[in-house]
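These notes concern the structure reproduced below.
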Amino acid sequence: MLYAILCYNDEDTVFSWSKEEEQATMDRLIAVQAPLREAGKLGPVARLMPTTAATTLRKGKNEPLVIDGPFAETKEQLLGFYVIDFETLDEAIEFSKKLAIANPGAGSYEIRPLHAFRPGTMAT
Amino acid sequence: MTDLAWIDIAFTNARPQVLGALLRYFRNLDIAEEAFQEACLRALKTWPDKGPPRDPVAWLIFVGRNSGIDAVRKQSKTQGLPDEEVISDTGDAESDLAERLDGSNYRDDILRLLFICCHPDLPATQQIALALRVVSGLSVTQIARAFLVSESAMEQRITRAKARVAAAGVPFETPGAVERTERMALVSAMIYLIYNEGYSAGGPGREASAFADEAIRLGRLLLRLFPAEPEIMGLLALMLLQQSRNMARFDADGQIILLEDQDRSLWCRTLIDEALALLDKAIRHRRPGPYQLQAAIAALHSRAKRAQDTDWSEIDLLYQTLERLHPSPVVTLNRAVAVAKLKGPEEALALVESLADKLDGYFYFHGLRGGLLAQLGRSHEAHIAFDRAIALAHSPAEAAHIRHQLDRLSVTAPAIAK
């Protein structure tokens with residue numbers, strides 16, 4: 001089963017890491033990803049720009065409404081996501097625990113099974 | 001990262017919100033600052049064991065408020081110390097407070113706090129120092145080192161700024177729409193001042209260059225509070241674009257490398273991408289402003305793969321728009337660079353000369369004028385202009401850059417001399 005792991009954290013904090021903290025965190029995360037990558041189970045891994053760069057389209061009565069945001073009220077923001085092929089939910093939880101340890105500070109991880117996944121054709 | 005480093009970042013990020021709320025409550029900057037300090041001390045005692053609270057900001061406000069009341073009472077000597085247990089046991093009250101502190105509350109508190117620091121009565125250097133001390137929580141030592149003044153001088157400067165702000169009175173009422181816009185413009189200008197202070201000090205290793213990161217952090221904060229303000233998007237985009245070139249701006253000896261000579265592969269793609277995304281969002285609002293226009297100009301440089309691919313005519317147009325919207329001799333001076341690229345040094349020099357009265361004390365004026373004169377082979381005049389620029393340079397790197405141009409002048413001079 002394919003799972004999406006959605007990573008939430010306080011972006012104010014994450015975007016004020018120093019270069020060294022940033023690099024150390026990335027090194028730990030890459031180490032956590034390595035076994036899955038080698039097993040060919042690791043799909044897209046994405047890190048999102050801050051919510052200030054986001055735009056939201058909300059369905060209105062007539063025209064869809066385009067608004068800046070998401071807004072700042074929530075304590076944690078969606079900062080990135082993984083798509084991974086796991087045998088069981090337990091495996092997905094185990095992996096998320098490793099992510100939680102590799103990332104400093106607080107944060108939460110939403111584990112969502114995928115209905116469908118189409119990789120598309122965008123060159124990277 | 002250790003627990004303590006983590007908590008330190010949490011404090012810095014919570015600071016504007018917490019201090020803003022405490023200021024609203026106590027209406028006195030010194031009491032609010034002390035209360036914040038006290039709340040942080042208590043957090044250091046409890047968070048490492050119990051883990052951070054669900055809402056650190058609400059926790060700090062709650063504890064800070066209690067300890068502030070405590071301090072005020074102690075000063076008036078009418079009441080004894082409240083029980084330590086009462087203040088430490090914050091569980092329920094804190095979540096209650098978090099419910100009541102909604103986004104708009106945070107927003108006005110932070111805006112007020114920033115607004116106080118850029119009070120129009122204060123000269124720019126005091127605005128910057130006060131904001132870095134009060135909003136960002138940098139130590140007096142750090143700020144003093146960056147400004148190259150003694151610690152006691154900086155301490156004095158900040159104390160004087162605080163006294164001046166207190167004497168001028170702080171508007172605590174919730175600002176109306178017009179006032180909010182005015183405050184936001186002042187706050188944006190102050191954040192950009194902080195950025196420039198860091199940027200012009202330049203180079204890694206200089207304490208002041210940390211100001212640039214701090215300004216970007218404040219810009220992001222402001223935009224999260226007002227997510228639909230195109231000028232704040234523009235301001236943040238502008239700072240990100242300038243910051244993206246940080247690694248390419250100096251050579252190994254710390255000498256300035258001009259934009260057109262920079263190794264563009266050293267430009268930070270992540271920052272550029274974020275800035276371009278912000279600029280796209282800003283333009284949709286169709287409310288152009290000075291920051292958006294400056295960011296758009298910076299973006300054109302970022303989009304050019306090589307220096308010779310730069311769209312100078314578009315840059316010239318953007319500068320002309322900026323001149324109409326926000327006339328300033330410095331804007332015209334910058335446009336002269338585009339004019340020089342498009343129409344040659346002669347026309348650019350004419351434009352520059354027209355600014356002589358207004359910009360005589362400005363480093364870049366003499367630097368650019370010298371450069372244009374040198375291109376036209378008027379070495380003697382170029383020499384005088386460069387000498388004047390060196391006298392006005394802000395940093396050794398700036399002076400060295402002009403000296404380098406002077407050296408080139410004396411090398412090429414014999415060939416030009418008739």
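Would you mind telling me which numbered condition in (1) more than 19 Å from A:Thr52 (Cα to Cα); (2) within 14 Å of chain A (Cβ to nearest Cβ) B:Gly254 fails?
Looking at each condition in turn, B:Gly254 falls short on (2).
Of the residues A:Leu79, A:Leu65, A:Leu42, A:Leu57, only one is more than 10 Å from chain B (Cβ to nearest Cβ) and within 28 Å of B:Pro52 (Cα to Cα); which? Spell out the reasoning first.
Numbers: A:Leu65 fails: within 28 Å of B:Pro52 (Cα to Cα); A:Leu42 fails: within 28 Å of B:Pro52 (Cα to Cα); A:Leu57 fails: within 28 Å of B:Pro52 (Cα to Cα).
Going through A:Leu79, A:Leu65, A:Leu42, A:Leu57 in turn, just one is more than 10 Å from chain B (Cβ to nearest Cβ) and within 28 Å of B:Pro52 (Cα to Cα): A:Leu79.
How many residues does segment B:158-175 hold that are open to solvent by less than 50 Å² (accessible area, probe 1.4 Å) and either within 22 Å of the chain's Cα centre (by Cα) or of a type in the set (Val, Ile, Thr) (or both)?
5
Specify which of the listed residues (A:Ala24, A:Ala72) is facing chain B (nearest Cβ under 10 Å) and modelled with pLDDT of 90 or more.
A:Ala24
Could you list, ordered by first residue, the pairs with Cβ atoms under 6 Å in which the first is in segment B:345-365 and of a type outside the set (Lys, Arg) and the second is not in a helix (DSSP H, G or I), at least 6 apart or interchain?
Pairs that qualify, where the first residue is of a type outside the set (Lys, Arg) and the partner is not in a helix (DSSP H, G or I), are B:Pro345/B:Leu376; B:Phe363/B:Ala393.
Counting only residues that are more than 12 Å from B:Leu19 (Cα to Cα), out of contact with any Leu (no Cβ under 6 Å at 6 or more places or on another chain), of a type outside the set (Val, Ile, Thr) and open to solvent by 10 Å² or more (accessible area, probe 1.4 Å), how many does segment B:134-145 have?
So in segment B:134-145, the residues more than 12 Å from B:Leu19 (Cα to Cα) come out as B:138-145.
Keeping just the survivors that are out of contact with any Leu (no Cβ under 6 Å at 6 or more places or on another chain) gives B:139-142, B:144-145.
Subsequent filtering for residues that are of a type outside the set (Val, Ile, Thr) retains B:139, B:142, B:144-145.
Pick out the ones that are also open to solvent by 10 Å² or more (accessible area, probe 1.4 Å) and you get B:139, B:142, B:145.
Count: 3.
So, in segment A:14-48, how many residues would count as being under 25 Å from A:Gly120 (Cα atoms) and surrounded by fewer than 16 Cβ atoms within 10 Å (Cβ to Cβ)?
Of the residues in that region, 11 qualify.
Inside segment A:1-39, can you point out the residues that are touching a Ser or Thr at 6+ places or on another chain (Cβ under 7 Å) and in a helix (DSSP H, G or I)?
Hit for segment A:1-39 is A:Glu11, nothing else.
Checking B:Trp59 against (1) at pLDDT below 90; (2) more than 30 Å from B:Arg157 (Cα to Cα), only one condition comes out false. Which one?
(1)
Kindly evaluate B:Ile283 against the criterion of being in a helix (DSSP H, G or I), touching a Leu at 6+ places or on another chain (Cβ under 9 Å) and of a type in the set (Val, Ile, Thr).
no
State the number of residues belonging to segment B:1-53 that are hydrophobic (A, V, I, L, M, F, W, C), in contact (Cβ under 8 Å) with a residue 60 or more places away in the chain and within 14 Å of chain A (Cβ to nearest Cβ). Let's see the steps before the verdict.
Taking segment B:1-53 and keeping what is hydrophobic (A, V, I, L, M, F, W, C), we get B:1, B:4-7, B:9-11, B:14, B:18-19, B:21-23, B:26, B:29, B:31-32, B:35-36, B:39-41, B:43-44, B:47.
Narrowing further to those that are in contact (Cβ under 8 Å) with a residue 60 or more places away in the chain: B:11, B:19, B:21, B:23, B:29.
Now restrict to residues that are within 14 Å of chain A (Cβ to nearest Cβ): B:11.
Final tally of qualifying residues: 1.
Assuming B:Met239 fulfils every condition listed in (1) within 12 Å of chain A (Cβ to nearest Cβ); (2) open to solvent by less than 30 Å² (accessible area, probe 1.4 Å); (3) not in a loop (DSSP other than H, G, I, E, B) apart from one, which condition is it?
(1)
How about segment B:107-147: which of its residues are hydroxyl-bearing (Ser, Thr, Tyr), modelled with pLDDT of 90 or more and closer than 24 Å to B:Ala185 by Cβ? Working first, answer last.
Let us first name the residues in segment B:107-147 that are hydroxyl-bearing (Ser, Thr, Tyr), namely B:125, B:136, B:139, B:141.
Among the residues that remain, those that are also modelled with pLDDT of 90 or more are: B:136, B:139, B:141.
Scanning segment B:107-147 gives a single hit, B:Ser136.
Would it be correct to say that A:Ala34 is touching a helix residue (DSSP H, G or I) at 6+ places or on another chain (Cβ under 6 Å) and farther than 18 Å from A:Pro104 by Cα?
Answer is no for this residue.
Of everything in segment B:242-277, what is surrounded by fewer than 20 Cβ atoms within 10 Å (Cβ to Cβ), of a type in the set (A, V, I, L, M) and in a helix (DSSP H, G or I)? Give them in sequence order.
B:Met247, B:Ala248, B:Leu259, B:Leu266, B:Leu276, B:Ala277
Among the residues of segment A:100-120, is there at least one that is open to solvent by 30 Å² or more (accessible area, probe 1.4 Å), more than 25 Å from B:Arg224 (Cα to Cα) and of a type in the set (S, T, N, Q)?
Taking every residue of segment A:100-120 in turn, none turns out to be open to solvent by 30 Å² or more (accessible area, probe 1.4 Å), more than 25 Å from B:Arg224 (Cα to Cα) and of a type in the set (S, T, N, Q).
Please indicate, with yes or no, whether at least one residue in segment A:66-79 is within 13 Å of the chain's Cα centre (by Cα), in a strand (DSSP E or B) and surrounded by fewer than 18 Cβ atoms within 10 Å (Cβ to Cβ). So that I can check it myself, show each step before the final result.
Going through segment A:66-79, the residues within 13 Å of the chain's Cα centre (by Cα) turn out to be A:76-79.
Within this subset, residues satisfying the condition of being in a strand (DSSP E or B) are A:77-79.
Filter again for surrounded by fewer than 18 Cβ atoms within 10 Å (Cβ to Cβ), leaving A:78.
Yes, segment A:66-79 contains a residue that is within 13 Å of the chain's Cα centre (by Cα), in a strand (DSSP E or B) and surrounded by fewer than 18 Cβ atoms within 10 Å (Cβ to Cβ).
Given (1) in contact with a strand residue (DSSP E or B) (Cβ under 9 Å, 6 or more places away or on another chain); (2) farther than 17 Å from B:Leu223 by Cα, where does A:Val14 come up short, assuming only one miss?
Just one mismatch for A:Val14, condition (2).
So that you can scan it fast, the table gives a plain yes or no per residue for (1) under 19 Å from B:Val330 (Cα atoms); (2) acidic (Asp, Glu); (3) under 32 Å from the mean Cα position of the chain (by Cα); (4) in a loop (DSSP other than H, G, I, E, B):
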site: B:Ala348; (1), (2), (3), (4): yes, no, yes, no
site: B:Leu351; (1), (2), (3), (4): yes, no, yes, no
site: B:Arg388; (1), (2), (3), (4): yes, no, yes, no
site: B:Arg403; (1), (2), (3), (4): no, no, yes, no
site: B:Arg408; (1), (2), (3), (4): no, no, no, no
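Okay, residues lined up against (1) of a type outside the set (A, V, I, L, M); (2) crowded, with 17+ Cβ neighbours inside 10 Å; (3) over 27 Å from B:Phe115 (Cα atoms):
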site	(1), (2), (3)
B:Ile7	no, yes, no
B:Ala10	no, yes, no
B:Arg15	yes, yes, no
B:Gly20	yes, yes, no
B:Arg27	yes, no, no
B:Ala32	no, yes, no
B:Phe36	yes, yes, no
B:Leu44	no, no, yes
B:Asp49	yes, no, yes
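For residues that are of a type in the set (Lys, Arg) and at pLDDT below 85, scanning just segment B:62-80, find the one that is most open to solvent (accessible area, probe 1.4 Å).
The qualifying residue most open to solvent (accessible area, probe 1.4 Å) is B:Lys77.
The values are calculated or read from the model by the stated rules, or taken from the named source; none is laboratory data. All of these numbers come straight from a predicted model, not from anything done at the bench. Cβ coordinates were reconstructed from backbone atoms using ideal geometry, including for glycine residues, and neighbour counts include every protein chain displayed. Note: areas computed on protein heavy atoms with side chains; ligands, DNA, RNA excluded. Shrake-Rupley method; radii C 1.70, N 1.55, O 1.52, S 1.80 Å.
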